[in-house]
Amino acid sequence: MHPSNIVLLEFHPERDDLSPDKELRNGLSVALRMGKTLWLANDESVSIERLTLVEEDSRGQSSFAREHYQFALHDFFDLPLPAFDPEKGRINEADVEGLACDGKYMWVTGSHSLRRKKPDPLDGNKRTHKRLATVSADGNRYLLGRIPMGEQDGVPTLLKEVEHKGKRRTAALLRGDAHGNELTAQLSQDEHIGPFLAIPGKDNGFDIEGIALAGKHVLLGLRGPVLRGWATIIEVAPVDDETPGSLRLAPLDADGSLYRKHFLDLGGLGIRDLCKQGRDLLILAGPTMDLDGPVTLFRWVGGAEPDGETVVSAEVLEHVLNLPFGQGVDHPEGIALFASRDGADEGLLVVHDSASPSRQIGESTLVADVYPLPSRKKKR
């Protein structure tokens, strides 16, 4: 399928303090539209990016997202590691893989995954063996938190705290440290997920790559592990902890369970992003391993309102569309609902990791695609 429209994303070219070694535009992992703003993140940074949308042209063919503003996650959360590691000479990335908003808070999640060193083509046998045996944890990746939403000059913004109708809303992070958080501690004893917490994300290990809100609950889509072809969504209910700026997991059921598992037959693919559409859940599915494709968009009807743990067969899931992908480039990573100017046609905005040179314009502009989104199929 070919895109029906494009959006030109224009980033500020000089963000050296919070940007990764590669450009912000060359590693986008998530997208979220809120009115005239578009929120994005690079998976090798510790920040959230906001762009402001400009009206389409007279033909309704293209949009521009400009006025780049960057929010440092350290301004809202007490992350376990500083933004920059001077000894290693690199960013202590949060690997942001999901954004969701309920109007009051912006929810954000890191991947929670381990990383394995990637061999260089020029490495010899000994160095390659050593790199492939080196597994490490980035403490800032254990990020699951919320940031209050506000307005500044009529534009949605993120604030450390907000006073609204006598109630105070504050930024808060699920309690944890550089080695994990309450979620990973709970899942370490799980019969399905536990064994994969010690495996790097790109090796089919534990890896969160999507977030959506289901009322007061949070849904976390896993890129891995994929179990005999079945992907997983973890459901949790973070609430305020006694410690300011901290969240804890609340029981979901009478038995005191702090999480639920939803298994979905995605045909061997893992979850790369989640997007709420009414009471339904759009699921961007792609390889769990370090492969180019395939990439498929599914719709789980009623998925944004789950009632207890579920097992969702392939017959229940709606196949919405197949997305194109490149060889070594243009991997669809983030999706967001993107209606036309008159609101008549609902589309799907797609941003890519490893953007191809053809998507990059000048020093700071990137082309994102908008696809027509088929309506929900009626039951016979």
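A crude spin-label estimate for the pair His2 and Glu242, with each label 7 Å from Cα along the Cβ direction, gives 6.3 nm. Applying D = kT/(6 pi eta Rh) to the range 192-261, where Rh is the Kirkwood radius over alpha-carbon pairs, T corresponds to 37 °C and eta to 0.692 mPa s, the Stokes-Einstein value obtained is 248 µm²/s. Placing R0 at 22 angstrom, the Cβ-Cβ distance between Met289 and Thr134 gives a FRET efficiency of 0.75 after rounding to 0.05.
What the pair-distance distribution of the range 64-152 shows, using all Cα-Cα distances binned every 10 Å from zero, is 14, 35, 29, 16, 6, 1 percent.
Size descriptors for the range 5-372 (Cα atoms only): Rg and Dmax, in that order, 19.6, 64 Å. Distance between the 7 Å Cα→Cβ label points at Glu87 and Gln189: 3.3 nm. Ordered by the number of other Cβ atoms lying within 10 Å of each residue's own Cβ, fewest first, Arg33, Arg299 fall into the sequence Arg33, Arg299. Summing charges over all other residues whose Cβ lies under 10 Å from the Cβ of Val155, with Lys and Arg as +1 and Asp and Glu as -1, gives -1. Of all stretches in the chain that contain no GluC sites (Glu not before Pro) in a DSSP loop with at most 16 other Cβ atoms within 10 Å, the longest one is 88-190. Taking Lys and Arg as +1 and Asp and Glu as -1, the other residues whose beta-carbon sits under 14 Å from that of Ser136 total +4.
Taking other C-beta atoms within 10 Å as the exposure proxy, Ile6, Ile271, Ile211 rank Ile6, Ile211, Ile271 from fewest upward.
Going by how many other Cβ atoms sit within 10 Å of their own, how do Arg223, Arg25, Arg168 line up, fewest first?
The order, fewest Cβ neighbours first, is Arg168, Arg25, Arg223.
Label-to-label distance, Ser313 versus Ala250, with points set 7 angstrom from Cα along the beta-carbon direction: 3.5 nm.
Report the full-extension gain for the segment Gln327 to Asp120: residue separation times 0.36 nm, less the Cα-Cα distance, to one decimal in nm. Let's see the in-between values first.
Numbers: separation 207, 0.36 × 207 = 74.52 nm, distance 1.85 nm.
Taking 0.36 nm per residue and subtracting the Cα distance, the gain is 72.7 nm.
Only the coordinates and a few stated rules stand behind these numbers; no lab work does. Every value quoted in this text rests on a predicted model; they were computed, and no experiment measured them. Because the Cβ atoms are built from the backbone with ideal geometry, glycine has one as well, and the counts that use them run over all protein chains shown.
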